[in-house]
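Remarks on the structure that follows.
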Amino acid sequence: MEMKHSLHLSQTQKLIMTPRLQQALKLLQVPTLELQQILKQEVLQNPLLEEVDEVTDQEDIDREASADEQNNEEAEDPAQEDPIDWSDYVQDGLLDRTYVPPTESSVEFLEKVPATRTTLAESLLEQLHFLDLPAAHMCIAEFIVGSIDDRGWLATSVEDIAESIGRPLVEIENVLRLVQALEPPGVGARDLRECLLLQLEARGEKESLAWRMIHDHFDHLVNRRFPEIARLLKVSVLEVQSAADGIASLHPRPGTLVSAEDPRYVVPDLLVERVDEEYVVMLNDRNVPRLRISSAYGEVLAGKRKPDATAEEKQTRDYVQGKLASARWLIQTIEQRRRTMIKVMNCIVREQREFFDKGIAFLRPLTLAAVARQIDMHESTVSRVCSGKYVQTPRGVFELKFFFSSGLATDDGEDVSARTAKNIIKGLIDEEDKIDPLSDQRIAELLHVKGLQIARRTVAKYREQMQILPARLRRRVA
């Protein structure tokens, strides 16, 4: 078969995301706190953007917003845009185009200085230095501390430690016991069983019933075989139950008690407030930088058509022209983001009105596609709006995705949200007889009585998602 090189021309249609479209989607998806940092960075990179401290005339803002709507079909490539007479912008004073959050108020901003936090390793090393250990033992102890994970457990076997530092296994175990005597109790344990035993020993409860249950019958304890434990230890089942309750108060991951991670605070991106009989949606963006196009480059833009301009002046005008187009597009994109978020939240409020009025039991099934159809947007756009964003409502702070869930059929033909079903299941389990807890099949039967069509395996799935134990592990003897 003859093989040769050849050239062929063909036309194909492809969906290509321009850099501007990619940035617009990114701005739509990021939460408010991240948006603040992005806009501050844009101000540093684009000399035509500047932050304003005072609110400009609202009529100008409305007029510019209306102009932005008419330009939504504007070409993405700046080279394809219609030529703009920049001198018109200078004469009319329209360079002072500002994005102003509608709920802006003058608030003094104080920078938060994070508090210094001690890590688990730092805390353990500090305690070791008070023990006045020999240099060889201190070296082993420091190696052991470095092998302890965030849970507070020893992540490396003592055999590997002995091999790594070339010391006898007995010496490693002796030093490990010194580390295990440090705070918090249970640190340096090699497994859950040893972790619980160390905590009981620190309480002075060695050889207690709880200690013996963990030390001698841990498998029975994990599977809650209390009658079997009572028979083997020759005590009553009530005593075993009481000891198990005490064990439940121990900390399985003591390392998390000394954490270097800062607490994560949820800052709502949207606010929903009740005014009379209606719910009003607002953006929580008072700390978002208010941007406008600087008029400092007016002379450069006004001289665009200067016939005797030098090559350097033309290069400067081209640079300013590009930055001006970028600044205008950014301000327009931020305004569009604000409108999209409010439009999505207004739709959620309409669909979940009963939830806002009566509570979680009245949460309706809702999908991203349903919201997208109502507001005439693509489902992926709604998904980006809801991703990682929170809303503060009269009933608490919720992630936007909280309002979306699948539906379950009922006898009367209406659908019930899966979250509502989970809430009902949790309520039934909370009120059950702890001596004779409800099985998944029994819960499904009770839900059928309430008119909710749900299978036993669905009940089991929801129960596991809520991290609730099965009936046999919830059973108590008293």
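Which FRET efficiency value, to the nearest 0.05, is calculated for S380 and R442 with the Förster distance at 60 angstrom and r the Cβ-Cβ distance? Walk me through the intermediate numbers first.
Values: r = 42 Å, r/R0 = 0.70.
That gives a FRET efficiency of 0.90.
Past 25 Å, Cα to Cα: identify those pairs from K26/K461; K401/K426; K358/K389; K343/K426; K323/K389; K40/K314, in the order given.
Check vs 25 Å cut-off fails for K26/K461; K343/K426; K323/K389; K40/K314.
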Quiz item: Can you pull the accessible area of R225 for me, 1.4 Å probe, Å² to the nearest 10?
Solution: 90
Practice problem: Give me the accessible area of E51, 1.4 Å probe, in Å² rounded to the nearest 10. | Solution: 90
Practice problem: Name the residues whose placed amide hydrogens come within less than 5 Å of the amide hydrogen of S405, ignoring near sequence neighbours (fewer than 5 apart) on the same chain. | Solution: L366
Quiz item: To the nearest µm²/s, what D does Stokes-Einstein give for region 215-257 at 10 °C and 1.306 mPa s, using the Kirkwood radius over alpha carbon pairs as Rh?
Solution: 143
Exercise. Report the charge-dipole magnitude of region 306-367 in Debye, nearest 20, computed about the Cα centre from +1 at each Lys and Arg Cβ and -1 at each Asp and Glu Cβ.
Key: 280
Exercise. Subtract the Cα-Cα distance of Q22 and L257 from 0.36 nm times their separation in residues, and report this length gain in nm to one decimal.
Key: 80.4 nm
Quiz item: Based on the mean of other beta carbon atoms within 10 Å per residue, what is the order of 140-147, 434-441, most packed first?
Solution: 140-147, 434-441
Exercise. Net charge near L233: determine it from the other residues with C-beta under 10 Å of the C-beta of L233, scoring Lys and Arg +1 and Asp and Glu -1.
Key: 0
Exercise. With an 8 Å cut-off on Cα pairs and a minimum separation of 6 or more residues, tell me the relative contact order of region 339-478 in percent.
Key: 20
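The values are calculated or read from the model by the stated rules, or taken from the named source; none is laboratory data. If you're wondering where the values come from, they're calculated on a predicted model, not measured in any experiment. Please note: Cβ atoms are built from the backbone with ideal geometry, for glycine as well, and neighbour counts cover all protein chains shown. Accessible surface is based on the protein model in full, side chains and every heavy atom, while ligands, DNA and RNA are left aside. Shrake-Rupley method; radii C 1.70, N 1.55, O 1.52, S 1.80 Å.
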